Amino acid sequence: MGNILFFSESEILYRDLITALPQLNICFNSDPKELLKIIKKKNIQLIIIDMLNVENYDQSLIDLIRSKYIYKLLPLILILPLNYSLSDFEQWMLKCNDWIKYPLYIQELKAKILNQFKMLEINLNLKSKLYRADLINSVTRILNSTLDIDEVLNKIVELTVDLTSAYSGSIFLLDQEGNITHQVLSKQYVSQDIQNQILKKIMSYGLAGWVYKSQEPALVNDTRKDIRWLDVKKHDNSVNVSGINKSKKEIRSAICMPIIRRNIVLGIFTLHHTSPEHFTDDDLDLLKQITDQSSLSIENARLFGQVQQMAITDYLTGLYNRRLFFTLAEQEFFKSKRFQEPLSLLIMDIDHFKQVNDNYGHDCGDQVLQVVSRLMKKLIRRSDVLARYGGEEFIILMPKTELSGAYKLAERIRVQIENYEMKDKSKGSFNITVSLGVACADGHVESLPDLVTNADQALYRAKKKGRNNTEKFQTLEKQ
């Protein structure tokens, strides 16, 4: 049974109540200004208002309580004077749930209290069902309103965590190999280092791994006793899967639900709480409805994202395509001119690439392009822009980089590729080399096309010198 607030100016009557009803948890208040604070602080679920001294109050007291949406269902019981006048109290009685005359008959009051708690439970259950139905409608509206997958996931997690009073929630989207492609966390309940460790292992074992492999939902009432939750720790004691956050709260219960479309697991939706047995079968059903609603939209959003990605990337190497490169490069060139910062550009060509195709076949040639792309991606900074320029040519834009820095990067790329052993299944191993030209935007470079032309001229000079080397544009100008 919930907490009860007795609102009165008579502490004597309060003492009589707690003496007669010791099994009930009743607290006392006489200050209207503190009323809402006490209701919230004490988690009050029923209020008894003493009207014997009604001249000290007015109806705004009840209006104050009812003004808060969360208290609209809060039961109110009035204690009325013995010879009360209906006209005096009619408006009060219309705004309350029940009343009783003074002097009090304790058994009658107790019966009224029990009845109001029972009605409150019914109303809250009904409200919860209506709210959950409204949530499903909200999720549907969100899913139909956007193809932005991150926006969809964030809103779904936010709404579901709020409705289930979860401590935290997460959605992980997966590719066909079970690798995580998107993640949304409502709360970082472990350190980032631990989170990264868990993400590397999460689909191999543990609760999410079990759900992923079985394609079945899981309701964990106590993480200390459920082997599926403890499974990660069994495999790797360095991973603190109990979920200790900065406030030392331990995850004690969880729900984990697969997001399935066409018998393929698209992702995993998990809710956590710091108390055992927090979640119910109703929560499990709710999560099932939400994931069922979400699966089609997630699939559509993923396909939309793939189409967008295809429009800006090279299909073979996964690098930016030429069109996007020049869009980004124009922006960087403008910034470099405005803030008078160095901007360098590198163009690279694979030496004798036609011979690779002729001797080893076009499939092997494609593999060479992919290997070269991966090697270059490992050597550049996040701020650099790498793209496939066309055929066997690649281009890199390097913001805030002097010519000397661009030359050093070009040489690292050249040496790395030269030393890498390419492999062909039928004809064995072989090596390739590359030629590179670098240029820097200085006071003499007025446009991005001029910068590209300078780097291209440097590349031409590198090829003329016998290939497998790097040339700077300034070197050309001085000769």
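The values are calculated or read from the model by the stated rules, or taken from the named source; none is laboratory data. Bear in mind that the values here come from a model prediction, so they are computed numbers and not experimental data. Cβ sites come from the backbone with ideal geometry, for glycine too, and all protein chains shown count toward neighbours.
Structure values in brief
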item: Inter-residue pairs, beta-carbon under 6 Å, first assigned by TED's automatic domain parsing to the domain that holds N419 and in region 362-374, second of a type outside the set (A, V, I, L, M, F, W, C), 6+ apart; result: C364/D424; G365/N357; L369/T317; Q370/T317; S373/T317
item: Residue pairs meeting the criteria (Cβ under 7 Å; at least 6 apart or on separate chains; first at pLDDT 55 or above, in region 214-243; second among the polar types (S, T, N, Q) and assigned to a loop (DSSP other than H, G, I, E, B)); result: T223/S242; W229/T223
item: Matching residues, region 413-436, being charged (D, E, K, R) and buried (at least 16 other Cβ atoms within 10 Å of the Cβ); result: R414, D424
item: Filtered residue count, region 319-348, keeping only those that are closer than 11 Å to L451 by Cβ and among the polar types (S, T, N, Q); result: 2
item: Candidates S204, S170, filtered to the one that is under 20 Å from I264 (Cα atoms), buried (at least 20 other Cβ atoms within 10 Å of the Cβ), modelled with pLDDT of 60 or more and not basic (K, R); result: S170
item: E158 vs. criteria in a helix (DSSP H, G or I), more than 20 Å from L78 (Cα to Cα) and modelled with pLDDT of 80 or more; result: yes
item: Criterion: more than 30 Å from R382 (Cβ to Cβ), touching a Cys at 6+ places or on another chain (Cβ under 9 Å) and not acidic (D, E) - qualifying residue of F269, F279; result: F269
item: Those strands (runs of 3 or more DSSP E) lying entirely in region 373-471 with at least 2 residues among the charged types (D, E, K, R) and under 21 Å from T317 (Cα atoms); result: 422-424
